[in-house]
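For reference, the structure discussed in these notes is given below.
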Amino acid sequence: MIVMATGNGDVGIRQATTALKEGKSAVDAVEIGIREVEINRKDRSVGLHGYPNILGVAELDALIMDGRTRNVGAVGAVKGYDHPISIARNVMEKLIHVFLVAEGAERFAAEMGFEKSTLKTPEMREIYEKHVRETLGVEDPETLQTTNELWKLSHMAVDAQKAGGTTNFIAQDGNGDICTGVSTSGWGWKYPGRLGDSPVISAGGYADNRYGAAACTGTGELCIRDGTARNVVTYMKMGMSLEEATTEGLRDMNDLTSQRIGGVTIISMDHHGAHFSGNTSEGGGSHIFMTPDMDGPETVTGIGVPYEGE
Ligand code: ASP
């Protein structure tokens with residue numbers, strides 16, 4: 001039994017690991033862990049506290065995949081709900097579909113009994129207006145609501161250093177079942193309706209009990225172009241070790257040289273519960289993991305497969 005996550009999963013990994021210890025499934029553990037990140041007021045990349053789109057509205061994305069059945073549920077561009085990961089789980093368990101977006105996802109959330117969020121984020125309004133004035137050079141943020149040039153401004157809005165972030169969880173339970181979950185507010189200041197990799201099955205996350213699982217954070221556009229999480233699992237299927245498969249996934253990323261606004265981090269687990277991570281920078285990033293016999297999570301440094309291009 002084990003849970004691994006990106007560093008921001010620190011607020012939920014203990015609860016997720018306890019769930020496994022109590023006999024709950026990997027799917028339960030992932031949902032429990034991610035819900036904690038989604039309501040972490042300090043996290044600017046996940047949940048309704050995350051950076052909004054270029055019109056100042058938080059649009060949330062999430063995905064959950066059960067590696068036992070390869071059932072999956074995903075939601076994209078959901079407004080006004082605290083826990084997109086739980087809506088995604090309901091998509092997986094209650095619908096014949098696997099992916100809902102925007103109004104349809106919100107309607108479904110209401111049907112499932114989820115309450116609209118009452119969360120107030122006045123400080124985010126201030127951050128947003130400052131960003132619009134200082135980075136976009138637009139004095140009155142209201143003018144963005146009707147301009148025909150939002151597409152141009154959205155190019156300037158993308159700041160790879162400040163705007164990204166996602167939480168990834170992968171858990172393996174006592175039955176050996178693996179689950180991957182991903183949740184994000186997406187790329188900050190994105191064009192309205194933009195989806196990154198996080199809710200896109202095979203790009204942001206994938207799980208298959210037979211081989212393992214992977215999940216991504218970083219420049220979602222790159223992961224979508226490549227189908228990154230699924231690639232890593234397929235590489236394991238083809239006989240590569242966890243480390244080789246993840247490294248190959250990162251190399252694939254680095255082969256994408258056009259329209260590159262930032263890097264990618266991959267976290268991965270094989271079907272024995274071994275865990276690994278890496279990213280496309282020199283440093284390699286890190287991930288955390290925890291097993292039921294540990295008092296708290298440990299951090300593991302990832303492999304760096306640096307992008308050599310411009
Ligand atoms: N992958 C996320 C997205 O593209 C953002 C991130 O993880 O930095 O929306």
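The values are calculated or read from the model by the stated rules, or taken from the named source; none is laboratory data. None of these values were measured; they are calculated from a predicted model. Virtual Cβ from ideal backbone geometry, glycine too; neighbours counted across all protein chains shown. Side chains are part of the model used for accessible areas, which takes the heavy atoms of the whole protein and leaves out ligands, DNA and RNA. Shrake-Rupley method; radii C 1.70, N 1.55, O 1.52, S 1.80 Å.
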(message) Can you tell me the length gained on complete extension of the stretch Lys42 to Glu149, counting 0.36 nm per residue apart and subtracting the Cα distance?
(response) 35.3 nm
(request) Keeping all protein chains in place, calculate the accessible area per residue for the stretch 1-108 (probe 1.4 angstrom), answer in Å². (result) 36 Å²
(message) Once you place label points 7 Å from the Cα toward the Cβ at Arg70 and Lys237, how far apart are they in nm?
(response) 0.5 nm
(message) Could you derive backbone 3J(HN,Hα) for the stretch 178-195 from the dihedral phi with the Karplus parameters 6.51, -1.76 and 1.60 (θ = phi - 60°), listing whole Hz in sequence and x where the residue is Gly or Pro?
(response) 10, 9, 10, x, 9, 8, 7, 8, x, 5, x, 6, 5, 5, x, x, 5, 10
(request) Could you size up the charge dipole of the stretch 215-310 around its Cα centre, putting +1 on the beta carbon of Lys and Arg and -1 on that of Asp and Glu, and report it in debye to the nearest 20? (result) 300 debye
(request) Please state, to two decimals, what the Cα-based radius of gyration of the stretch 226-290 comes to when divided by 2.2 N^0.38 Å (N = residues). (result) 1.10
(request) Could you work out the per residue convex hull volume over the alpha carbons of the stretch 185-310, in cubic angstrom? (result) 115 Å³
(request) Any chance you could look up the accessible area of Arg89 with a 1.4 Å probe, heavy atoms only, rounded to 10 Å²? (result) 40 Å²
(request) Treating the angle as unsigned and between 0 and 90°, give the value, to the nearest 10°, between the Cα long axis of helix 122-134 and the longest Cα principal axis of the chain. (result) 60 degrees
(message) Please compare each pair in Lys79/Lys237; Lys21/Lys190; Lys21/Lys42; Lys24/Lys116; Lys116/Lys152; Lys94/Lys116 to a cut-off of 31 Å on the Cα-Cα distance and tell me which ones are over it.
(response) Lys79/Lys237; Lys21/Lys190; Lys116/Lys152
(message) With a 1.4 Å probe and all protein chains kept in place, how do Lys130, Lys42 rank by accessible area, largest first?
(response) Lys42, Lys130
(message) Only sites in a loop by DSSP and with at most 13 other Cβ atoms within 10 Å count here; which GluC sites (Glu not before Pro) in the stretch 1-86 make the cut?
(response) Glu22
(request) Report the label-to-label distance for Ile261 and Glu139 in nanometres (one decimal), using points 7 Å from each Cα along the Cα→Cβ vector. (result) 2.7 nm
(request) Compute the projected area of the convex hull of the Cα atoms of the chain, averaged over all viewing directions, and report it in nm² to one decimal place. (result) 15.3 nm²
(request) Using only protein heavy atoms and a 1.4 Å probe, report how much of Ile224 is accessible, in Å² to the nearest 10. (result) 70 Å²
(message) For the stretch 69-145, which GluC sites (Glu not before Pro) pass both filters: DSSP loop (anything but H, G, I, E, B) and at most 13 other C-beta atoms within 10 Å?
(response) Glu115, Glu139
(message) Using each residue's phi in the stretch 49-58, evaluate 6.51 cos²θ - 1.76 cosθ + 1.60 at θ = phi - 60° and report the 3J(HN,Hα) Karplus result to the nearest Hz, with x for Gly and Pro.
(response) 7, x, 4, x, 7, 5, 9, x, 10, 7
(message) Of Thr247, Ser268, Asn231, which is farthest towards the positive pole of the stretch 209-310's charge dipole, taken about the Cα centre with +1 and -1 on the beta-carbons of Lys, Arg and Asp, Glu respectively?
(response) Asn231
(message) Tell me whether the stretch 111-214 comes out rounded, prolate or oblate; compute the Cα gyration tensor, take square roots of the eigenvalues as a ≥ b ≥ c, and use a/c under 1.5 as the rounded threshold.
(response) prolate
(message) Could you work out [θ]222 nm for the chain from helices alone, using -39500 (n - 2.57) per DSSP H run of at least four and dividing by all its residues? Round to the nearest 500 deg cm²/dmol.
(response) -9000 deg cm²/dmol
(request) Quickly rank 67-76, 233-242 as a protection proxy: mean count of other C-beta atoms within 10 Å, highest first. (result) 67-76, 233-242
(message) Could you put Trp187, Trp151 in order of accessible surface area, largest first, with the 1.4 Å probe and the full protein assembly present?
(response) Trp151, Trp187
(request) Work out how much length Val57 to Ile127 would gain on full extension: take 0.36 nm times their residue separation and subtract the Cα-Cα distance, in nm to one decimal. (result) 24.0 nm
(message) For the stretch 173-229, what does the relative contact order come out to in percent, with C-alpha contacts under 8 Å and a separation of six or more?
(response) 34 percent
(request) Take every Cα pair under 8 Å in the chain that's 6+ residues apart, average their separations, divide by the length, and report that relative contact order as a whole percent. (result) 21 percent
(message) Compute, for the stretch 182-251, the length of the dipole vector about the Cα centre, with Cβ point charges of +1 (Lys, Arg) and -1 (Asp, Glu) only. Units Debye, rounded to 20.
(response) 200 debye
(request) Would you mind counting up the charge near Thr166? Only other residues with Cβ under 9 Å from its Cβ, with Lys and Arg at +1 and Asp and Glu at -1. (result) -2
(request) Decide, for the stretch 54-147, between rounded, prolate and oblate: order the square roots of the alpha carbon gyration tensor eigenvalues as a ≥ b ≥ c, take rounded if a/c falls under 1.5, and otherwise choose prolate if a/b is larger than b/c, else oblate. (result) prolate
(request) Report, in debye and to the nearest 20, how large the dipole of the stretch 1-108 comes out about its Cα centre when Lys and Arg carry +1 and Asp and Glu carry -1 on their Cβ. (result) 160 debye
(request) Would you mind telling me the antiparallel percentage of the DSSP bridges in the chain, rounded to 5? (result) 90 percent
(message) Over the stretch 247-310, what is the relative contact order in percent, taking alpha-carbon pairs closer than 8 angstrom and at least six residues apart?
(response) 31 percent
(request) With a 1.4 Å probe and every protein chain left in place, tell me how much accessible area Met112 has, in Å² to the nearest 10. (result) 60 Å²
(message) I'd like the orientation of helix 242-254 relative to the chain: the angle between its Cα long axis and the longest Cα principal axis, in ° from 0 to 90, rounded to 10.
(response) 20 degrees
